[in-house]
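Here is the structure we will look at, set down as structure tokens.
The values are calculated or read from the model by the stated rules, or taken from the named source; none is laboratory data. Computed from a predicted model, the values in this text were never measured in an experiment. Quick reminder, even Gly has a Cβ in these numbers, built from the backbone with ideal geometry, and neighbours come from all protein chains shown. Surface accessibility is based on the protein's heavy atoms, side chains included, excluding ligands, DNA and RNA. Shrake-Rupley method; radii C 1.70, N 1.55, O 1.52, S 1.80 Å.
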Amino acid sequence: MKFFKRPRVSNWCLYIAIIAVFLSSAWIYGERLLYLGLLVFAAMPVASFVLTFILLRLLKVTQLAPRTVVKSTPAYISLRLHNPTPLFLSHIQCAFHTDDFAVAVEEEEAFALKGLATGEQRISFQIKYRGTYPIGLKALYATDFMGLFRLRRGMNRKTDVVALPRIVDMTHFPLSMNLLTQAHSRFDIKDEDYATLSDIRPYLPTDSIKRVHWKLTAKRNEWLVKNFQSNALNKVTILLDATRMPLRYTEQIVMEDRIIETAMGLGRFCLRKGMPVDFMVGAGSAVSCQNAASFEIIYQIGAQLVFLEKPPYTPHSMLTQCLNDATGYLNTIIMTSRLDSALYERIANGMNNGHFIAVLYFPSAFKDEDSERIFTLLSEGGAPCFKITENTLTEESEEAA
């Protein structure tokens, strides 16, 4: 909420000085006109207060706010105010419902509204983090005609605005190459349409010599191989832990924002590279996307996801389900802010059976020694493990730019 300055003290000082002049003159000279003037002038603040109060209540206000915005992108709330009376209303100011940490609203200057006139105000705001926030006109303030009082009219007009997450470019992130290597190295065991060439890529040690693109290899002087359209592409499974950590609000909202942004970036990266994505969330959502055009489904789930203290599915239960349902090798990415021994054992068993399982760990200000210890064990055991911090995403964005 924006705080407004009180009416100037100088107005009260001037008013008291005039009252004192009238009072002293009437006492010295004893004239009836002076007493009448004193009475009239003493009643003026009351009349000014009552008249401004009525005008403020009669003011007709219409609000228009967007339902969705993109995080950190300027958006606007439009206010339309109509004064149905012929009287002039000055020094009108607006206060808005906002989240002081996550939402920044433009400082709005006071404005005036003439009689029988309609005014429009366009107030800019930005939402800093992904999520849903109530935004809207909370109250109107106006100064009376004499400048002595500041009157308030409560409005309480809230609009739930959904802030969509940004999508982090994961092209240069180390995990990206791991995914490509694991996925493409398994094309040989899938049924392929050899009449349809889908891509040309660098040669890998696991590739068959029959896949070498000889003409292009000779032309570019580097080993290149053919990727054919697969009838059963090796998909990537993203498991997102929706557990709400015991953190302060300002820390929790930043962590959730970081997890969602990374998940969106990985989902888009895989789909653009031709790898289908199974996206599973601990809160209960699960979708399968086959191509880049279907990324919007994942994006909407990430934008509206609510983290819970006890979600119905944990990373351990989701990974167990995936391993039990698997008919071949899996490419799995686990995104979590908490690691435990049960998850460690499940990951180790999965990797021993030939599955590719990567862990993206999001450490918090709340020191979890067990999670740190298990992260170290996984790293030492050869599992692709990454700690994702604010600096990690910042560096990634700068490289992509």
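The table below gives the values:
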{"item": "Checking PHE53 against (1) open to solvent by 50 Å² or more (accessible area, probe 1.4 Å); (2) in contact (Cβ under 8 Å) with a residue 40 or more places away in the chain; (3) under 30 Å from LEU164 (Cβ atoms); (4) of a type in the set (A, V, I, L, M, F, W, C), the condition it does not meet", "result": "(3)"}
{"item": "Residue within the stretch 118-130 that is surrounded by fewer than 19 Cβ atoms within 10 Å (Cβ to Cβ), touching a Lys or Arg at 6+ places or on another chain (Cβ under 9 Å) and among the hydroxyl-bearing types (Ser, Thr, Tyr) present", "result": "yes"}
{"item": "Qualifying residue in the stretch 28-42 (condition: under 16 Å from ILE92 (Cβ atoms) and either open to solvent by 70 Å² or more (accessible area, probe 1.4 Å) or among the aliphatic types (A, V, I, L, M) (or both))", "result": "no"}
{"item": "Residue in the stretch 329-344 that is among the basic types (Lys, Arg), in contact with a helix residue (DSSP H, G or I) (Cβ under 6 Å, 6 or more places away or on another chain) and within 21 Å of LEU266 (Cα to Cα) present", "result": "yes"}
{"item": "Residue match in the stretch 204-223 (condition: buried (at least 21 other Cβ atoms within 10 Å of the Cβ) and among the hydroxyl-bearing types (Ser, Thr, Tyr))", "result": "no"}
{"item": "Some residue of the stretch 31-46 being more than 30 Å from TYR129 (Cβ to Cβ) and either at pLDDT 95 or above or within 37 Å of the chain's Cα centre (by Cα) (or both)", "result": "no"}
{"item": "Test: residue in the stretch 231-239 that is assigned to a helix (DSSP H, G or I) and either open to solvent by 10 Å² or more (accessible area, probe 1.4 Å) or closer than 21 Å to SER176 by Cα (or both)", "result": "no"}
{"item": "Helices (runs of 4 or more DSSP H) enclosed by the stretch 245-363 - at least 1 residues per element that are closer than 22 Å to LYS387 by Cα and among the aromatic types (Phe, Trp, Tyr)", "result": "249-272, 341-352"}
{"item": "Subset of the stretch 38-68 (residues that are among the β-branched types (Val, Ile, Thr) and out of contact with any strand residue (DSSP E or B) (no Cβ under 8 Å at 6 or more places or on another chain))", "result": "VAL40, VAL46, VAL50, ILE54"}
{"item": "Test: residue in the stretch 312-332 that is touching a Ser or Thr at 6+ places or on another chain (Cβ under 6 Å) and among the hydroxyl-bearing types (Ser, Thr, Tyr)", "result": "yes"}
{"item": "Any hit, the stretch 60-77, residues being farther than 30 Å from ALA163 by Cα and surrounded by 13 or more Cβ atoms within 10 Å (Cβ to Cβ)", "result": "no"}
{"item": "Any hit, the stretch 275-283, residues being farther than 22 Å from HIS172 by Cα and open to solvent by less than 10 Å² (accessible area, probe 1.4 Å)", "result": "yes"}
{"item": "Single unsatisfied condition, ILE92 versus (1) farther than 30 Å from ILE18 by Cβ; (2) surrounded by 13 or more Cβ atoms within 10 Å (Cβ to Cβ)", "result": "(1)"}
{"item": "Single condition ILE357 does not satisfy, out of (1) under 23 Å from the mean Cα position of the chain (by Cα); (2) of a type in the set (A, V, I, L, M, F, W, C); (3) under 25 Å from MET255 (Cα atoms)", "result": "(1)"}
{"item": "Which listed residue is out of contact with any Cys (no Cβ under 7 Å at 6 or more places or on another chain), within 18 Å of ILE333 (Cβ to Cβ), open to solvent by less than 50 Å² (accessible area, probe 1.4 Å) and of a type in the set (A, V, I, L, M, F, W, C), from LEU271, LEU247, LEU305", "result": "LEU305"}
{"item": "Every pair of residues 6+ apart whose Cβ atoms lie under 6 Å, when the first sits in the stretch 56-71 and is on the phi < 0 side of the Ramachandran plot and part of a strand (DSSP E or B) while the second is surrounded by fewer than 17 Cβ atoms within 10 Å (Cβ to Cβ) and of a type outside the set (Val, Ile, Thr)", "result": "LYS60/HIS82; THR62/ARG80; LEU64/SER78"}
